[in-house]
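Please treat every number below as a calculation from the coordinates, not as lab data. Computed from a predicted model, the values in this text were never measured in an experiment. Here the Cβ is made from the backbone with ideal geometry for all residues, glycine too, and neighbour counts use every protein chain on show.
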């Protein structure tokens, strides 16, 4: 069995081990290193190959006896394989990854202006691929002649590519640009894969623009690296199968619906069925504040509770592969929607008829039917999936089946 792994600095939330487990029967471990450890590690290692991630894609070139043509063209490596006589051969499979992400749009965008955000290692690969596809581009960086203060020069850009870490976990929610500055934009690509939908991609969806995130790129570069590790070709369809499998595994399932419709119980059952951790927003808020939700409403009012709810959701929704039981009024705050959608989907538990009101301040003060009238349009608008069921067990089973969890 071959011995492979990932070299980087902060690797705790890497998807790579799960991806490579779907590629081949070989050992794949994480090797977090400090900058001063990189050269010594590669000299001493008896491993068969490594993937390399930030911030070492350029530095790792110094440890290579050979470089592929693409690695030389890009100026950085992300895959190392052991040479027969010892030492490392450096390659760049990010090229394959970004070309896959660009897909059929590469031909449609030939000769059309693109804008690449960022000038680091990821940007190098993006620029090399765009050049090979005949797509002219400008590069925006934090310093130099073209910066974020001069974006108006590029209002004609038809392709926007984010090659910066802005918006990447754990600093979710940030966006490098406002897409409304680019009225001719036809496609938005973001090389970030965690979260699944960055703020940039969510704005693109809101504006009706085609947009794709970095998970497909990650899967494609990993499959090409797997071919180098194994010394043989792999099925062409493997990349899309892996991307879909990882999206299902890492995506969150957020339950929305009326107070008392069974979100908490359904979340617990779904967690047991799928082995996923469960996060209950109301419980988290109550634990943080040291008192029940009803007491927060009574003492501080609904507006204060909604702020606390959003703060809790902002933390919870950064996680991957969890079930979230939301409060019934989470949909009343538009700011919560991108938090829920950045890493998963919303499932509306549609339970008609009478609902319990005990411990539910608004159900008691406003009334269930009035709340239902106000919120049903919001539940419908936010829902990616609607489930009606007679019990929490039935609802959880339907969700598991529908989402292939």
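Could you tell me the calculated FRET efficiency between residue 393 and residue 153, based on Cβ-Cβ distance and R0 = 45 angstrom, to the nearest 0.05? Approximately 0.15, to the nearest 0.05.
Along its principal axes, region 251-403 has C-alpha extents of 41, 33, 25 angstrom, given from the largest down.
Distance from the Cα centroid of region 64-118 to that of region 241-293 is 39 Å (rounded to whole angstrom). Helix 263-274 axis versus longest C-alpha principal axis of the chain: approximately 40°, rounded to the nearest ten. Treating each Cα of region 119-168 as an identical point scatterer and summing with the Debye formula, the log10 of I(q)/I(0) at q = 0.31 Å⁻¹ comes to -1.35. Size check on region 96-213: the Cα extents along the three principal axes, sorted descending, read 34, 30, 29 Å. In this label model, residue 300 and residue 385 are separated by 3.3 nm, measuring between points 7 Å along each Cα→Cβ vector.
Most tightly packed first, judged by the mean number of other beta-carbon atoms within 10 Å of their residues, the peptides 213-224, 64-75 read 213-224, 64-75. The average projected area of region 162-284, computed from the convex hull of its Cα atoms over all directions, is 10.9 nm². In the distance distribution for region 1-75, Cα-Cα pairs more than 20 Å apart total 34 percent. Take the Cβ atoms of residue 180 and residue 240, set R0 to 35 Å, and the FRET efficiency comes out at 0.65. In the chain, the longest principal axis of the Cα atoms and the axis of helix 392-403 are about 30 degrees apart. Size descriptors for the chain (Cα atoms only): Rg and Dmax, in that order, 23.7, 78 Å. With no solvent and one point on each alpha carbon, what is the Debye value of log10 I(q)/I(0) for region 54-120 at q = 0.25 Å⁻¹? Log10 I(q)/I(0), no solvent term: -1.08.
Dividing the helix sum by the residues of the chain, where each DSSP H run of 4 or more adds -39500 (n - 2.57), gives a mean residue ellipticity at 222 nm of -11500 deg cm²/dmol.
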